[in-house]
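Below: the structure, in structure tokens.
The values are calculated or read from the model by the stated rules, or taken from the named source; none is laboratory data. Computed from a predicted structure; not experimentally measured. Methodologically, a virtual Cβ is constructed for each residue, glycine included, from the backbone with ideal geometry; neighbour enumeration extends over all protein chains shown. Note: areas computed on protein heavy atoms with side chains; ligands, DNA, RNA excluded. Shrake-Rupley method; radii C 1.70, N 1.55, O 1.52, S 1.80 Å.
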Amino acid sequence: MSLFAMGFLLVILQPSTGQFPRACANTQSLLKKECCPPWDGDGSPCGELSRRGSCQNILLSQAPLGPQFPFSGVDDREDWPSVFYNRTCKCEGNFMGFNCGECKFGFSGLNCTERQLRTRRNIFQLTTSEKDKFLAYLNLAKNTPSQNYVIATGTYTQMNNGSNPMFRNINVYDLFVWMHYYASRDTLLGGSNVWRDIDFAHEAPGFLPWHRVFLLIWEREIQKITGDEKFTIPYWDWRDAEDCVVCTDEYMGGRHPTNPNLLSPASFFSSWQVICTRSEEYNSQQALCNATSEGPILRNPGNNDKSRTPRLPSSAEVEFCLSLTQYESGSMDKMANYSFRNTLEGFADPQTAISNISQSGLHNALHIYMNGSMSQVQGSANDPIFVLHHAFVDSIFERWLRRHRPMLEVYPAANAPIGHNRENYMVPFIPLYRNGEFFKSSRELGYDYEYLQEPALDSFQEFLTPYLEQARQIWAWLVGAAVIGGIVTAVLTGLILACRKKRRGTASEIQPLLIESEDYNNISYQSNF
């Protein structure tokens with residue numbers, strides 16, 4: 001059976017994580033501003049009868065934003081998702097999903113109580129069968145309709161404030177391309193006017209947490225449509241690479257023999273059609289990308305502007321970036337200096353950490369180097385190299401988190417560009433995730449990277465974890481018991497010493513000698529404690 005056919009047989013009709021839930025993309029839900037679908041397990045909204053969650057008002061962050069976006073009430077993404085919905089499912093415990101029908105990242109099982117830890121591996125460490133399976137999964141996602149999600153083809157105003165819903169179906173892979181477009185698109189101001197200095201997924205503190213969530217939900221969707229619960233995204237370690245070593249027909253598609261901007265016809269990626277790449281056309285029409293096919297993937301690696309990106313990033317540049325102690329700084333945008341985020345994203349020089357938007361370093365360098373579909377922000381996820389690249393960028397983020405062990409408070413709570421404060425919900429995900437929720441170790445989210453693993457330490461930590469957790473819960477009682485025990489011991493010691501002193505003072509005067517001298521040394525004395 002072909003993988004394309006398998007896709008339709010293996011699709012699991014359970015909640016997923018993405019954009020507009022199909023169950024809420026209707027007039028009733030939009031007019032009511034409520035997205036609380038029933039959970040199939042008990043038929044109640046948000047699985048409330050099974051205590052999985054309940055339908056509640058959305059609590060929006062009131063923290064002030066930075067000055068980069070000087071408007072209010074002109075963009076559907078402001079205070080996400082309140083323009084469309086102000087009530088959604090709030091899940092309890094380890095449950096998650098738009099109807100609380102899933103487990104949080106890092107948990108599995110019927111009641112989401114089983115911890116799990118999966119490992120993302122270097123694509124060149126995969127066996128031939130593992131690599132071929134990964135490529136087949138990508139192609140399956142490109143040809144499998146999303147069962148639970150649809151995309152918006154018009155703004156809320158164009159939908160007549162919800163009375164005329166404008167949504168359409170989309171395949172699983174393109175759903176994620178569209179979400180990346182939607183988060184980074186320009187604001188439509190009416191007429192031919194747009195505001196370009198806005199991005200809910202880039203150029204600000206949320207860049208790394210946003211893409212972390214993006215990859216996690218992409219990974220989960222692949223697990224669902226394939227039935228392969230152990231699937232993880234591989235990464236491409238591009239440090240010190242002299243060229244695009246994944247750009248071969250064996251991996252992500254080689255170069256076309258006659259047209260250097262296209263992929264080799266020997267790769268099935270050459271037949272893929274891209275979406276959401278014509279931003280100027282959408283802006284002029286004051287329209288959203290509607291996922292219409294716009295041509296083949298373009299890629300011409302290495303034939304980019306060398307004055308902007310002379311080469312792929314080096315190990316030394318990554319190490320320098322990791323040495324930066326500040327996650328964010330200054331204006332918290334692409335002009336930030338000495339910011340780990342801005343340096344890793346590529347707007348600051350990877351050798352000085354000083355902002356230089358005329359150059360593209362680290363993360364940005366890869367996009368520019370590919371010289372094609374991946375080089376334009378809104379449509380960059382069309383190229384499947386995108387997921388390999390961002391998995392490695394996420395691993396660098398993970399290395400920084402493990403090295404510096406920042407508190408949550410290190411992530412900015414206020415004055416970041418719109419959508420990037422710690423408590424802001426990420427655009428355009430439903431169910432809702434806050435930026436700060438993913439500013440923590442990947443192992444807490446159920447995954448690790450092969451080259452970051454420390455087996456002996458991990459196993460020892462896993463052994464100690466339950467005992468440390470129990471100790472944490474009763475530490476106050478332990479301290480109290482120790483203090484009381486110390487006081488009692490001190491009192492008893494004082495009393496005993498006093499009694500002994502009194503005995504010594506009278507024994508030689510009034511007590512007879514009860515034992516013979518040869519037996520004296522055979523008496524054993526026991527402590528009173």
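Here are the numbers:
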{"read-out": "Rounded accessible area per residue of region 22-452, 1.4 Å, Å²", "value": "38"}
{"read-out": "At 0.890 mPa s and 25 °C, Stokes D of region 22-452 from Kirkwood alpha-carbon radius, µm² per second", "value": "110"}
{"read-out": "Protection proxy ranking of 212-225, 285-298 - average other beta-carbon atoms within 10 Å, highest first", "value": "212-225, 285-298"}
{"read-out": "Size of electric dipole in region 22-452: Cβ of Lys, Arg +1 and of Asp, Glu -1, about Cα centre, debye, nearest 20", "value": "500"}
{"read-out": "Residues S315 and M407, FRET efficiency given R0 of 41 Å [Cβ-Cβ distance, rounded to 0.05]", "value": "0.90"}
{"read-out": "Region 333-449 shape via C-alpha gyration tensor axes, a/c threshold 1.5", "value": "rounded"}
{"read-out": "Volume per residue of the C-alpha convex hull in region 15-111, rounded to whole Å³", "value": "124"}
{"read-out": "Inter-label distance, nm, simple model (7 Å from Cα along the C-beta direction), T352/D42", "value": "6.1"}
{"read-out": "Share of pairwise Cα separations in region 250-385, more than 23 Å, in percent", "value": "45"}
{"read-out": "Extension gain, N161 back to S323 (0.36 nm per residue minus Cα-Cα distance, nm)", "value": "53.4 nm"}
{"read-out": "Peptides ranked, highest mean first, by Cβ atoms within 10 Å: ranges 134-141, 179-186", "value": "179-186, 134-141"}
{"read-out": "Charged-residue dipole, Cβ positions (Lys, Arg, Asp, Glu), region 306-420 about Cα centre, Debye nearest 20", "value": "180"}
{"read-out": "Unit charges on C-beta of K, R, D, E only; dipole of region 58-116, Debye", "value": "180"}
{"read-out": "Region 22-452, relative contact order [Cα under 8 Å, separation at least 6], %", "value": "20"}
{"read-out": "Theoretical gain in end-to-end length, R115 to A136 [0.36 nm per residue, Cα-Cα removed]", "value": "4.7 nm"}
{"read-out": "Extended-chain gain in nm, criterion 0.36 nm per residue less alpha-carbon gap, E280 and S54", "value": "77.2 nm"}
{"read-out": "Proximal lysines to K334, defined as alpha-carbon separation beneath 24 angstrom and excluding residues fewer than eight positions away on the same chain", "value": "K306, K440"}
{"read-out": "Total formal charge among the other residues, if their Cβ is under 9 angstrom from that of N342, Lys/Arg +1 and Asp/Glu -1", "value": "-2"}
{"read-out": "Sorted peptide list for 307-316, 385-394, 55-64, criterion being average Cβ within 10 angstrom, highest first", "value": "385-394, 307-316, 55-64"}
{"read-out": "Protein accessible area in region 22-452, 1.4 Å probe - carbon and sulfur %", "value": "49"}
{"read-out": "Other-chain or far-sequence residues with amide H under 5 Å of Y338's (modelled H)", "value": "I354, S355"}
